[in-house]
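Where a number appears in this text, it was derived from the coordinates with a stated rule and is not lab data. Note that this is a predicted model, so its numbers are computed, not measured. Heads up, the Cβs are rebuilt from the backbone with ideal geometry, glycines too, and the neighbour counts pull from every protein chain shown.
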Amino acid sequence: MKMIQVINGKIKQYQLPKVGTLKDGSTVSGYHLLDEETLLDEGWLPLEDIPPEYDEETQYLTNDGYEILKDKVIKKYKIEDISEREEPRNLETEIEEDAGMLALMVSMLMSEVDMLKSEIENLKEGK
């Protein structure tokens, strides 16, 4: 049985250690083998972990925390819908489109440069 340690209403450990320290300060090897009564006295509570039923084709489970009761800890789950898959991206086409757009931009900039050169020449001649 899985146990969870709860101290002052908060989870402190999610798994029994092989070596642990008791409340009285003594270190115990084989802590995970202690009897249930001692573990309960040390703040360990049994874990109830029962995943809900769900449709594995259209849903998945996520961890939704824990509910701490006096005599046990309950692991909570949330059922989420699997989102529809997007069409895979065609990177080749995207690169080609981007390259075409860049070529157009470069062409436009080159035209601007040519116009500016022409204006500079005209200004030089006007002096």
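Among the residues of the stretch 58-68, the ones that are assigned to a loop (DSSP other than H, G, I, E, B) and free of Cβ contacts under 8 Å to residues at least 12 places away in the same chain come to 0 in all.
In the stretch 1-47, counting only strands (runs of 3 or more DSSP E) that sit wholly within it, the ones holding 3 or more residues that are free of Cβ contacts under 8 Å to residues at least 40 places away in the same chain and either touching a helix residue (DSSP H, G or I) at 6+ places or on another chain (Cβ under 7 Å) or surrounded by 12 or more Cβ atoms within 10 Å (Cβ to Cβ) (or both) span 19-21. Every test in (1) basic (Lys, Arg); (2) part of a helix (DSSP H, G or I); (3) loosely packed, with under 10 Cβ neighbours inside 10 Å is passed by Arg89 save one, and that test is (2). Only one of Ile120, Ile68 is among the β-branched types (Val, Ile, Thr), under 35 Å from the mean Cα position of the chain (by Cα) and surrounded by 10 or more Cβ atoms within 10 Å (Cβ to Cβ). Can you tell me which? Just a single option satisfies the conditions, and that option is Ile68. Only one of (1) aliphatic (A, V, I, L, M); (2) surrounded by 10 or more Cβ atoms within 10 Å (Cβ to Cβ); (3) outside any helix (DSSP H, G or I) is not met by Met101, so which one is it? Single failed check for Met101: (3).
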